[in-house]
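Take a look at the structure set out below.
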Amino acid sequence: MIRSWWRGLQARRENAALERRAIPDDLWKRTLVRYPFLQRRAPADAAELRRLTSLFLDRKEFSCTGGLRLTDAMAVAIAAQATLPVLRLGLDRYDCFVGIVVHPDAMVARRSQQDEDGVVHEYDETLAGEAMEGGPVTLSWPDVRRAGHSAAQGYNVVIHEFAHVLDMASGAANGVPALPPDLPLQLWQHTLSREYEIFMQRVDQGQPTVLDPYGAHAEEEFFAVASESFFVDPLRMQKEHPDLYGVFCRFYRQNPAVDQPPTRRP
Ligand SMILES: [Zn+2]
């Protein structure tokens, strides 16, 4: 009795949110044209993507820095891309944070690193985005805006940062998100580590790679860049990393290569 009352309340809340955050048809169509990797989906998935995008907009708080003004088109573009990885996992995976901060350009973060001799080196790192534990997620708007074009290089800053959110939701960022019961932890770790080693060798040898060489920094970065490619350039990712592609299909419960035609390199 209590459970059915609770479900009814949840459904009413969700319907109210969908009404509050309804995305106009023309804005949704423009978003799909600008980011083609969003639209190559079966009709049921396409409808679910739009529904979850509205709910995402209702649950998250957007803010801008540097005089940038947030438009509906920007918020929908970010929300739709962020929703894609959790299309079958559910928005609850993102409950661990609320804020999204949009920057007018790439960000520069001051970093320091200690070398083997104990000497601390300071340097600047340019970031297109950053996901902090507990939030917020920060994004460079020019990088988000270019996502339709940069898909051919497997690059997508929103998916990258939200892959980190999924990873961090299960504890430390280590490339191991909360896995479904039918995907053994050992299989995930073994596959990810093996593919990461092969990838690092290719990067070290200066060989071309489908995945962004940035992924060679650490296993959690490898998971994030591989997730980008999985969603926006799935056929080439599947060809170069078939085993990794297979475990990603089981984790994300999607098979983007089936729905998506090959992307053209500019
Ligand atoms: Zn990263």
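Remarks
- Qualifying residue in the stretch 123-133 (condition: more than 16 Å from the ligand (Cβ to nearest atom) and among the β-branched types (Val, Ile, Thr)): no
- Of all the criteria given as (1) surrounded by 15 or more Cβ atoms within 10 Å (Cβ to Cβ); (2) within 23 Å of PHE251 (Cβ to Cβ); (3) touching a residue at least 40 places away in the same chain (Cβ under 8 Å); (4) of a type outside the set (Phe, Trp, Tyr), the one not satisfied by THR83 is (3).
- Some residue of the stretch 155-162 being of a type in the set (Asp, Glu) and in contact (Cβ under 8 Å) with a residue 60 or more places away in the chain: yes
- For beta carbons closer than 6 Å, sequence separation of 6+ or different chains, a first residue in the stretch 118-143 that is on the phi > 0 side of the Ramachandran plot and a second that is more than 13 Å from the ligand (Cβ to nearest atom) and in a strand (DSSP E or B), the qualifying pairs are GLY135/GLY99.
The rows are residues; the columns are (1) touching a Cys at 6+ places or on another chain (Cβ under 6 Å); (2) surrounded by 14 or more Cβ atoms within 10 Å (Cβ to Cβ); (3) assigned to a helix (DSSP H, G or I).
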{"residue": "ASP124", "(1), (2), (3)": "no, no, no"}
{"residue": "ASP143", "(1), (2), (3)": "no, yes, yes"}
{"residue": "VAL158", "(1), (2), (3)": "no, yes, yes"}
{"residue": "LEU166", "(1), (2), (3)": "no, yes, yes"}
{"residue": "VAL176", "(1), (2), (3)": "no, yes, no"}
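- Count of residues meeting criterion [more than 18 Å from GLN39 (Cα to Cα) and not polar (S, T, N, Q)] in the stretch 222-253: 20
- Among the residues listed as ARG59, ARG21, ARG3, the single one being more than 21 Å from the chain's Cα centre (by Cα) and within 30 Å of ALA106 (Cβ to Cβ): ARG21
- When SER227, SER193 are screened for being within 16 Å of the ligand (Cβ to nearest atom), polar (S, T, N, Q) and part of a helix (DSSP H, G or I), only SER227 passes.
- Positions within the stretch 3-37 being charged (D, E, K, R), in a helix (DSSP H, G or I) and either without any contact (Cβ under 8 Å) to a residue 60 or more places away in the chain or loosely packed, with under 11 Cβ neighbours inside 10 Å (or both), in sequence order: ARG3, ARG7, ARG12, ARG13, GLU14, GLU19, ARG20, ASP25, ASP26, LYS29, ARG30
- Residue in the stretch 133-148 that is touching a strand residue (DSSP E or B) at 6+ places or on another chain (Cβ under 9 Å) and of a type in the set (Lys, Arg) present: no
- Any hit, the stretch 60-72, residues being in contact with a Gly (Cβ under 6 Å, 6 or more places away or on another chain) and touching a residue at least 24 places away in the same chain (Cβ under 8 Å): yes
- Residues that are closer than 21 Å to GLU125 by Cβ, in contact (Cβ under 8 Å) with a residue 12 or more places away in the chain and either more than 16 Å from the ligand (Cβ to nearest atom) or part of a helix (DSSP H, G or I) (or both), drawn from the stretch 210-220: GLY215, ALA216, GLU219, GLU220
- Checklist (1) in contact with a strand residue (DSSP E or B) (Cβ under 8 Å, 6 or more places away or on another chain); (2) of a type outside the set (A, V, I, L, M); (3) modelled with pLDDT of 95 or more applied to THR31, failing item: (1)
The values are calculated or read from the model by the stated rules, or taken from the named source; none is laboratory data. If you're wondering where the values come from, they're calculated on a predicted model, not measured in any experiment. Glycine gets a Cβ as well: all are built from the backbone with ideal geometry, and neighbour counts include every protein chain shown.
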